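Undergrad: Provided herewith is a single structure, encoded as structure tokens, for subsequent inquiry.
A short reminder: the numbers here are calculations on the coordinates, not readings from a lab. It should be emphasised that the depicted structure is a prediction, and the values quoted were computed from it without experimental measurement. In this analysis, Cβ positions are derived from the backbone assuming ideal geometry, glycine residues included, and neighbour counts consider all displayed protein chains.
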Amino acid sequence: MTIRRVAELKKLRLALNKGEELRFLSHLDYAQAVERMIRRGEIEMAYSEGFNPHMKISFSSALALGVTATAEYIDMDVIEDDSLESIIDRLNRVAPPGLEVLGGKEMPDKVKKMMAICNFAIYEVTGPVTDENADWDEAPEISYEKVTPKKTRIIDVKEFVKEPIVASVKDGMVTLTMGIGIYPQGTIKPSEVWNLGKDQYNWPITSGYEIHRKAIMVENEEGRYTPLEINY
């Protein structure tokens, strides 16, 4: 009698690209594209129980429609004897353009949800500039009326924009780099910062722009780290 050995469950954390080819995928469509890639790569996954089982996979965040990213992160429970390097290779062989696996690591069995620990993001917002010699110094305070389904409140944007915004102008285009905090009480969208600058502080920019998330990170008392640089 042949005894088939059951592979042990492993939790992998992977960094994935979201390139220009996928700019106009919603978060749901992006998640479905990842799941299709896993199926085509024939990765043996762990599934939830119940009437509607689904892959045990979780994302670091939800990117808005039209936003690209240097790296998105997923935690996935696999039932594989294969090495991490081989799993990444299998995924990349079937990955659609713009959805390459950039790297990964094996994580402990119990890890916190990345959506709960990723609390800092760096965005680049790029659009036409109407005055290449403009002064981009920030106002000491930028007040913003934030409207949610439950309430409306006035906030200081610097509650969320944690570093001075850096402007880089080239060939009639400006790129604003902004570091934004993500807190339990909320955050601010980079598009909201762009439109506030244009509408309230006369930044020489237009309504057209593209957004790229350069990094999503975990900030703690020791510094800022990518999800692949931590073990929880």
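Undergrad: Residue 220 to residue 171: extension gain in nm, 0.36 nm per residue of separation minus the Cα-Cα distance?
TA: Length difference between fully extended and current span is 13.9 nm.
Undergrad: Under the Karplus relation 6.51 cos²θ - 1.76 cosθ + 1.60, θ = phi - 60°, what is the ordered set of whole-Hz ³J(HN,Hα) values for the stretch 187-202, x standing for Gly and Pro?
TA: 8, 10, 7, x, 5, 5, 5, 4, 5, 5, x, 5, 7, 9, 10, 6
Undergrad: Let me know the charge dipole size of the stretch 26-93 about its Cα centre in debye, to the nearest 20, where only the beta-carbon of Lys, Arg (+1) and Asp, Glu (-1) is charged.
TA: 340 debye
Undergrad: How many percent of all Cα-Cα pairs in the chain sit more than 31 Å apart?
TA: Roughly 32 percent, once rounded to a whole number.
Undergrad: Net charge within 10 Å of residue 60 by Cβ-Cβ distance, Lys/Arg positive one each and Asp/Glu negative one each, not counting residue 60 itself?
TA: So the environment of residue 60 carries a net charge of 0.
Undergrad: In debye, nearest 20, what is the charge dipole magnitude of the chain about its Cα centre with +1 on Lys and Arg Cβ and -1 on Asp and Glu Cβ, if you could check?
TA: Charge dipole, the chain, about its Cα centre: 840 debye, nearest 20.
Undergrad: What FRET efficiency comes out for residue 36 versus residue 163 if R0 is 41 angstrom and r is the Cβ-Cβ distance? Round to the nearest 0.05.
TA: The calculated FRET efficiency here is 0.65.
Undergrad: Residue 163's amide H: which non-local residues (gap 5+, or another chain) put their own amide H closer than 5 Å, with H modeled 1.01 Å from N in plane and none for Pro or chain starts?
TA: Answer set, sorted by chain and number: 179.
Undergrad: Test of the criteria: in the stretch 40-103, which chymotrypsin sites (Phe, Trp or Tyr not before Pro) are in a DSSP loop and have at most 13 other Cβ atoms within 10 angstrom of their Cβ?
TA: Listed in order of number, the matching sites are 51.
Undergrad: Say the cut-off is 20 Å between C-alpha atoms; which of 11/105; 162/214; 10/110; 110/162; 18/214; 189/214 go over it?
TA: 110/162
Undergrad: To the nearest 0.05, what FRET efficiency results for residue 195 and residue 44 with a Förster distance of 41 Å applied to their C-beta separation?
TA: Approximately 0.35, to the nearest 0.05.
Undergrad: Quick one: net charge of residue 213's neighbours, Cβ under 12 Å, K/R +1, D/E -1?
TA: Value of the local net charge: +1.
Undergrad: Then there's this: Given only helices, namely DSSP H runs of n ≥ 4 each adding -39500 (n - 2.57), what is the per-residue ellipticity at 222 nm of the chain, to the nearest 500 deg cm²/dmol?
TA: Counting only the DSSP helices, I get -5000 deg cm²/dmol.
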